[in-house]
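The numbers here are math on the coordinates, done by the rules we state, and not lab data. What you see is a predicted model, and the numbers here were worked out from it, not measured in a lab. Here the Cβ positions follow ideal geometry from the backbone for every residue, glycine too, while neighbour counts run over all protein chains shown.
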Amino acid sequence: MRRRRWIDLSPRQQTAVLVMASVQLSLAATAWADLATRTSTDVNGSRTTWAAVIAVNVVGPLAWFRWGRRPRGVARWFR
């Protein structure tokens, strides 16, 4: 099976690829920025591990927003 090149894609397919890449990069940049602004106590687990997880396609940033961060404004004794 021959690999498809960019020029082999239809304009609609090229647009879809660009939109998905933009979504992925936006999610990753937002997740990394959020991770950078949080203290270690506001992160569930290792910051280094989460930085690597965020790099994993679209799943990584979504995992960060779902499981990686603790809510801000919650009293420390309550956690």
**OP:** About the Cα centre of the chain, how large is the charge dipole given +1 on each Lys and Arg Cβ and -1 on each Asp and Glu Cβ? Please answer in debye to the nearest 20.
**Re:** 140
Subject >> Most positive-pole-ward Cα, GLY45, VAL58, TRP32, against dipole of segment 11-78 from beta carbon charges >> reply: GLY45
Original post:
Using the alpha-carbon atoms, what tilt in degrees (0 to 90, nearest 10) does helix 11-37 show relative to the longest principal axis of the chain?
Top reply: 20
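From the helices alone, meaning DSSP H stretches of at least four residues, give me the mean residue ellipticity at 222 nm for the chain, per-run term -39500 (n - 2.57), in deg cm²/dmol to the nearest 500. Each step should come with its number before you reach the end.
Details: 3 runs with 40 residues, N = 79.
Helices in the chain give a 222 nm mean residue ellipticity of -16000 deg cm²/dmol.
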